[in-house]
Amino acid sequence: MTGSLLEVIALNVRDAVAAEQGGADRLEVVADMAADGLTPSPETVAAIAAECPLPQMVMLRRDAGFTADADALDRLAGDAKALAQAGAAGFVFGFLDGAGAVDLAATEALIHAVSPLPWTFHRAVDHAADVQASWRAVRLLPNLATVLTSGSPTGVGNGLPVLKARAEAGDGSIILAGGGLRPAYVPSLLDYGIRAFHVGSAVRASWSDPVEWRLVRQWRALVERD
């Protein structure tokens, strides 16, 4: 990766346009942030594609948990097809089993469903029972673009040691740092060799308010430190 990647959560066209104006590189498109982000409608993705050229990484998630049964996976596979036709450039998903390990069968089923598009393993990795084992499993999966992680279930502030360790283990190029990301953490993350950043609440007054392009621009400058 040359330079830094800045991904902004967008709920609608207005957010997407503001993210582009502020200098974002790509979007994570979701619905219902009260549930930490669920699958948006194809209509939302199509509307964004019509107004904004930024790549859309679209969430595939039907509820606030990290598990998915066969019925949920079938529905998500159908969602993925419709969302790809609407303009999705890639997807965001990832599952744990009942024991808290990466659910490889469920995750690989969706990888197959969205192929050949890239995908991001979302913060389920931070909630795994064995974080190191979850990373070993995830990093070997095909077509993986990034892993959205804070290093901790409680956010980047508490996860910095884990993110540093993962970067030192050779995973820095796939880490997308997000989840409680604050400006004060960015210098350390850059020092670790992490160059991809994910922001949502940090670029708006609240989740009920739109993205503010000026805040996106501030993040753009922050993550491009020499």
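What the table below lists for this structure:
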| quantity | calculated |
| --- | --- |
| Test for Ala50: is it within 20 Å of Ser115 (Cα to Cα), modelled with pLDDT of 95 or more and of a type in the set (A, V, I, L, M, F, W, C) | no |
| Any chance Leu140 is free of Cβ contacts under 8 Å to residues at least 60 places away in the same chain, part of a loop (DSSP other than H, G, I, E, B) and within 15 Å of the chain's Cα centre (by Cα) | no |
| Residue satisfying condition, being at pLDDT 95 or above and either open to solvent by less than 50 Å² (accessible area, probe 1.4 Å) or out of contact with any Pro (no Cβ under 8 Å at 6 or more places or on another chain) (or both), within set Leu181, Leu140 | Leu181 |
| Residues within the range 91-106 that are at negative phi and either open to solvent by less than 30 Å² (accessible area, probe 1.4 Å) or in a strand (DSSP E or B) (or both), tallied | 7 |
| Enumeration of residues in the range 10-28 that are in a helix (DSSP H, G or I), more than 11 Å from Glu212 (Cβ to Cβ) and open to solvent by 10 Å² or more (accessible area, probe 1.4 Å) | Val13, Val17, Glu20 |
| Filter result for Glu43 (without any contact (Cβ under 8 Å) to a residue 40 or more places away in the chain, surrounded by fewer than 20 Cβ atoms within 10 Å (Cβ to Cβ) and not polar (S, T, N, Q)) | no |
| Residue tally, condition at pLDDT below 95 and in contact with a strand residue (DSSP E or B) (Cβ under 9 Å, 6 or more places away or on another chain), over the range 208-226 | 1 |
| Only listed residue being more than 25 Å from Ala101 (Cβ to Cβ), out of contact with any strand residue (DSSP E or B) (no Cβ under 9 Å at 6 or more places or on another chain) and among the β-branched types (Val, Ile, Thr), chosen from Val29, Val58, Val8, Val13 | Val13 |
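The values are calculated or read from the model by the stated rules, or taken from the named source; none is laboratory data. Bear in mind the structure is a predicted one, so any value in this text is a computation, not a measurement. Reconstructed Cβ throughout: ideal geometry from the backbone, glycine too, with neighbour counts over all protein chains shown. Note: areas computed on protein heavy atoms with side chains; ligands, DNA, RNA excluded. Shrake-Rupley method; radii C 1.70, N 1.55, O 1.52, S 1.80 Å.
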